[in-house]
There are 2 protein chains.
Amino acid sequence: MQFNINKSLEILERTPLVLETMLNGLSDEWIKNNEGPETWSPFDILGHLVHGEKTDWIPRMEIILADITDKSFVPFDRFAQFNESKGKTMKQLLDEFRALRKQNVERLRSKNLRQDDFARGGIHPAFGPVTLLQLLSTWVVHDLNHISQISRVMAKQYKGEVGPWVEYLGILTVGRRQEAVGSRQ
Amino acid sequence: MQFNINKSLEILERTPLVLETMLNGLSDEWIKNNEGPETWSPFDILGHLVHGEKTDWIPRMEIILADITDKSFVPFDRFAQFNESKGKTMKQLLDEFRALRKQNVERLRSKNLRQDDFARGGIHPAFGPVTLLQLLSTWVVHDLNHISQISRVMAKQYKGEVGPWVEYLGILTVGRRQEAVGSRQ
């Protein structure tokens with residue numbers, strides 16, 4: 001599948017409602033437990049997504065599209081949510097994410113990007129040159145990645161309860177490490 | 001986390017709406033593509049979930065709770081959806097799943113299960129003796145497993161578009177095999 005801005009927006013626009021449907025009103029055991037030491041709970045992941053809306057995708061797009069010489073991205077802080085989410089409820093994080101995503105999608109639409117804009121570039125702190133097409137594709141995959149992760153983290157809470165079926169449920173024994181990597185941006 | 005019927009229902013009851021929010025109205029490329037040969041698309045997975053509602057969880061619960069001697073479960077057909085979903089739209093599968101799940105949750109609630117009921121057992125075709133607690137826990141994990149899988153399959157459609165970020169997105173390089181196992185029940 002090739003990058004397409006409208007098909008990307010199909011995903012980016014629905015993610016807040018997907019997360020709300022998955023998480024709003026759940027018991028704390030489903031949303032505050034993680035997969036073990038140094039892994040993230042659904043609550044931590046929501047904070048990470050909120051921080052990304054503030055500092056990552058759209059600010060990096062603005063750098064790419066701006067009439068400036070220095071196209072370097074600011075490195076992303078993947079632990080910011082541990083402070084920023086303190087004292088908040090899951091409902092607050094879901095609301096905050098929805099509002100930020102709405103603004104960011106409007107911002108993206110307001111640019112009326114054309115085919116040649118997607119080839120414009122910026123400088124990633126680890127990778128060097130990247131394009132707007134790659135940044136926007138990564139934004140989409142990043143949403144789907146964390147939806148997948150949230151569902152897996154929740155599944156693992158019942159790992160001890162499924163008895164012999166654990167053998168058929170690969171989800172209960174994989175994962176975890178990939179997000180130590182996947183949450184870098 | 002220990003099995004709890006109300007916390008299990010929190011998940012089982014919301015899955016139809018989660019799937020609808022994730023999938024309804026998406027372009028065919030998101031829902032009809034899979035991860036490669038012998039893997040499933042989101043459309044295939046929905047058909048599998050529909051078939052499970054008809055032949056797996058509740059029928060097996062009924063066997064466990066029935067006053068009969070032969071407690072053997074009927075083996076689950078994990079390829080049934082390839083015939084059953086033929087000619088259907090994603091919207092039809094989502095509606096069918098929602099209606100079946102509603103009935104099944106009502107059926108489960110109508111049993112007014114008590115703590116000692118969860119220890120009652122049936123005979124799985126591969127594992128032998130399993131309990132109602134294990135069956136219901138597996139039902140919950142199975143939902144979460146397939147939500148996670150759907151999100152991963154969709155993410156992979158952009159694998160060629162993210163450029164160097166592929167290195168940070170573990171989701172793009174894992175998976176697939178686990179469902180060849182995970183879809184057995």
Using the structure shown, decide if A:GLY25 is assigned to a loop (DSSP other than H, G, I, E, B), more than 7 Å from every other protein chain (Cβ to nearest Cβ) and open to solvent by 50 Å² or more (accessible area, probe 1.4 Å). yes
If we scan the stretch A:160-173, do we find a residue that is within 7 Å of chain B (Cβ to nearest Cβ), in a loop (DSSP other than H, G, I, E, B), open to solvent by 10 Å² or more (accessible area, probe 1.4 Å) and under 25 Å from A:GLU29 (Cβ atoms)? no
Can you pull out every residue in the stretch B:69-88 that is in contact (Cβ under 8 Å) with a residue 12 or more places away in the chain and part of a helix (DSSP H, G or I)? B:GLN81, B:PHE82, B:GLU84
Kindly establish whether A:ARG98 is in contact with a helix residue (DSSP H, G or I) (Cβ under 8 Å, 6 or more places away or on another chain), more than 24 Å from B:SER148 (Cα to Cα), outside any strand (DSSP E or B) and touching a residue at least 60 places away in the same chain (Cβ under 8 Å). no
Residue that is surrounded by the fewest Cβ atoms within 10 Å (Cβ to Cβ) [pool: residues in the stretch B:29-40 that are closer than 14 Å to B:SER85 by Cβ and within 12 Å of chain A (Cβ to nearest Cβ)]: B:LYS32
Hey, does the stretch A:49-68 have a residue that's open to solvent by 70 Å² or more (accessible area, probe 1.4 Å) and either free of Cβ contacts under 8 Å to residues at least 24 places away in the same chain or not in a helix (DSSP H, G or I) (or both)? yes
What number of residues in the stretch B:102-158 are more than 7 Å from every other protein chain (Cβ to nearest Cβ), open to solvent by less than 10 Å² (accessible area, probe 1.4 Å) and small (Gly, Ala, Ser)? 1
Is there a residue in the stretch B:57-72 that is closer than 15 Å to B:ASN104 by Cα, within 14 Å of another protein chain (Cβ to nearest Cβ) and charged (D, E, K, R)? yes
Matching residues, the stretch A:69-96, being modelled with pLDDT under 95, open to solvent by 50 Å² or more (accessible area, probe 1.4 Å) and among the small types (Gly, Ala, Ser): A:GLY87
Would the stretch A:47-69 turn up any residue that is of a type in the set (Asp, Glu) and over 23 Å from A:ARG98 (Cα atoms)? yes
Condition test on A:GLU13, is it within 26 Å of A:ASP95 (Cβ to Cβ) and open to solvent by 10 Å² or more (accessible area, probe 1.4 Å)? yes
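The values are calculated or read from the model by the stated rules, or taken from the named source; none is laboratory data. Please read all numbers here as calculations on a predicted model, not as lab measurements. Virtual Cβ from ideal backbone geometry, glycine too; neighbours counted across all protein chains shown. We work out accessible area using only protein heavy atoms, side chains counted, and drop any ligands, DNA or RNA first. Shrake-Rupley method; radii C 1.70, N 1.55, O 1.52, S 1.80 Å.
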